[in-house]
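Contents: one structure, followed by commentary.
The values are calculated or read from the model by the stated rules, or taken from the named source; none is laboratory data. Computed from a predicted model, the values in this text were never measured in an experiment. Quick reminder, even Gly has a Cβ in these numbers, built from the backbone with ideal geometry, and neighbours come from all protein chains shown.
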Amino acid sequence: MFNEKMYELGSKRSVIRELFELGKKRAAEFGADKVFDFSLGNPNVPAPAAVNETIKNILDEMPSTVIHGYTSAQGDAGTRKAVADYINERFGCSVNADNIYMTCGAAASLTISLKALCSKDTDEVVIFAPYFPEYTVFIANANARYVSVPALSVTFQPDLAAFAKSVTADTRAVIINSPNNPSGVVYTEETVKAICSILGAKSKEFGNPIYIICDEPYRELVYDSVNVPYLMNYYDDVLVCYSYSKSLSLPGERIGYIAVSPKAKDSASVYAAVCGAGRSLGYVCAPSLMQEVVKRCLKEKPDIESYKANRDLLYNSLTEYGYDCVKPDGAFYLFVKILGDDEEEFCRRASDRGLLLVPGAGFASPGYVRIAYCVSTDTIRRSLPEFESLAKSYR
């Protein structure tokens, strides 16, 4: 026998992965120039030059048995200290190495954090729509339940009144993803303060901490000097889940961390629970080489000017053609309202024109599609006539 739930997950790919595979198939059949694959959030901006140079230096300088060997389960002490020092320098916090747990990227960070915080099948985790669909999988893996809170349709900031009603005595955590996947929206300081105020009052009412889990893989991808509030400066019971997949354009290297706020209630115990969850899930000893790379490249950033150029070209063109979408302040996604009232039909018409768009239903926001514009600017330029044709097909 086998686990039926795991079979269900493994036998059916996510919609995003299905579209990615469809794109490769169609490119082979009809030519890559006839397919415009906007499905996958895979950075097309190269890693900073310093990253490759650092990797070469590490391989030259350090013994192979060290750089390819195990670190401590929670990560190399030097790397954890360097990450903590960088957080403190940048955000004015008081994190130390024993608040940091190195992970294989944001997915591992989220899975570990949820496992550390949730212990009963009545525990609830609040998530703000639209949200990354794997959140529901990670929450289920922690034996908890998710509660979805809608966004305001114009700004895609969370509906705070609905959020306040969603927080109960069973709420263990709230996941905040800003810049947001799939909308690209950055939660304003006003929104963040309101969320924290609601949680502070609810925590006091119920007599137990309610944690914020910050999912921050897109923190460095913001445009026009937009500020992304750092939650540790607004609320005490915070775990930050960070990934270098986007900030250093290293999605395939699987490296990130969890930072437990030193101001959290029983912070040392929460960190111990994180270590225990990492152990139980097998997420220990993140890749040694990449930990060393992170330690030496903490201040490196990707060149996001091409992302910004793509955003502006796509947003300006689509709104000119009659599409409705919120202008993203971060990440590399555009969340576009469908034309007509049938999401499946809209995506089919788009696909017939070679446009591979991810349906919004998968992000708990039906009636929209996500466009990942982390592609070449030439791809976007060549796709524009097809977007215009799609819009005209609805007139």
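Of a type outside the set (Phe, Trp, Tyr) and either at pLDDT below 95 or farther than 30 Å from residue 90 by Cβ (or both): is that true of residue 202 in this structure? Even if it seems obvious, please write down each step before you answer.
Working: of a type outside the set (Phe, Trp, Tyr): yes; either at pLDDT below 95 or farther than 30 Å from residue 90 by Cβ (or both): no.
When the stated conditions are applied, residue 202 does not pass them.
Which one is farthest from residue 352 (Cα to Cα) among residues in segment 36-70 that are among the charged types (D, E, K, R) and in a helix (DSSP H, G or I)?
So the first thing to find is which residues in segment 36-70 are among the charged types (D, E, K, R), and the list is 37, 53, 56, 60-61.
Imposing the further condition that a residue be in a helix (DSSP H, G or I) reduces the set to 53, 56, 60-61.
On the way: 53: 43, 56: 45, 60: 51, 61: 53 Å.
For segment 36-70, the residue satisfying everything is 61.
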Checklist line | Qualifying residue in segment 168-187 (condition: under 29 Å from residue 244 (Cβ atoms) and surrounded by fewer than 21 Cβ atoms within 10 Å (Cβ to Cβ)) | finding: no
Checklist line | In segment 188-215, residue nearest to residue 364 (Cα to Cα) [restricted to those that are buried (at least 24 other Cβ atoms within 10 Å of the Cβ) and of a type outside the set (A, V, I, L, M, F, W, C)] | finding: 215
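When segment 50-62 is examined, which residues are found to be over 16 Å from residue 253 (Cβ atoms) and not acidic (Asp, Glu)? Full working, then the answer.
Step one: filter segment 50-62 for residues over 16 Å from residue 253 (Cβ atoms), giving 57, 60-62.
Within segment 50-62, 57, 62 meet the criteria.
Could you tell me whether segment 339-352 includes any residue that is under 21 Å from the mean Cα position of the chain (by Cα) and under 16 Å from residue 38 (Cα atoms)? I'd like the intermediate steps shown before the answer.
Pass one, segment 339-352, residues under 21 Å from the mean Cα position of the chain (by Cα): none.
Within segment 339-352 (the criterion being under 21 Å from the mean Cα position of the chain (by Cα) and under 16 Å from residue 38 (Cα atoms)), the answer is no, since none of the residues qualifies.
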Note to self: Just to verify a result, which residue in segment 248-266, among those that are in contact with a helix residue (DSSP H, G or I) (Cβ under 7 Å, 6 or more places away or on another chain) and assigned to a helix (DSSP H, G or I), is surrounded by the most Cβ atoms within 10 Å (Cβ to Cβ)?
What the structure shows: 253
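So, restricting to helices (runs of 4 or more DSSP H) that lie completely within segment 283-372, which ones have at least 1 residues that are without any contact (Cβ under 8 Å) to a residue 24 or more places away in the chain and crowded, with 17+ Cβ neighbours inside 10 Å?
On the way: elements: 288-296, 305-321, 343-352.
The helices (runs of 4 or more DSSP H) meeting that bar are 305-321, 343-352.
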Note to self: If I ask for residues that are surrounded by 22 or more Cβ atoms within 10 Å (Cβ to Cβ) and basic (Lys, Arg), which ones from segment 68-122 would you list?
What the structure shows: 80, 115
Next item on the list: Consider only pairs whose beta carbons are under 9 Å apart and that are at least six residues apart or on different chains; among these, list those whose first residue lies in segment 168-179 and is in the same structural domain as residue 192 (by TED's automatic domain parsing) and whose second residue is in a loop (DSSP other than H, G, I, E, B) and among the basic types (Lys, Arg).
Entry: 170/120; 172/120; 178/219; 179/219
Checklist line | Of residues in segment 60-78 being under 11 Å from residue 289 (Cα atoms) and in contact (Cβ under 8 Å) with a residue 12 or more places away in the chain, the one nearest to the chain's Cα centre (by Cα) | finding: 76
Next item on the list: Output the number of the condition that residue 151 fails; it satisfies all remaining conditions of (1) surrounded by fewer than 24 Cβ atoms within 10 Å (Cβ to Cβ); (2) of a type outside the set (Lys, Arg); (3) touching a helix residue (DSSP H, G or I) at 6+ places or on another chain (Cβ under 7 Å).
Entry: (3)
Notebook entry, point to check: Name the pairs: first residue in segment 384-395 and aliphatic (A, V, I, L, M), second residue part of a loop (DSSP other than H, G, I, E, B), Cβ to Cβ under 8 Å, at least 6 apart or on different chains?
Noted result: 390/339; 390/353; 391/322; 391/323; 391/339
Check: Which one of these does residue 380 not meet: (1) at pLDDT below 95; (2) touching a helix residue (DSSP H, G or I) at 6+ places or on another chain (Cβ under 7 Å)?
Finding: (1)
Check: Taking helices (runs of 4 or more DSSP H) that fall entirely within segment 127-211, which contain at least 3 residues that are within 20 Å of residue 233 (Cα to Cα) and of a type outside the set (Lys, Arg)?
Finding: 189-206
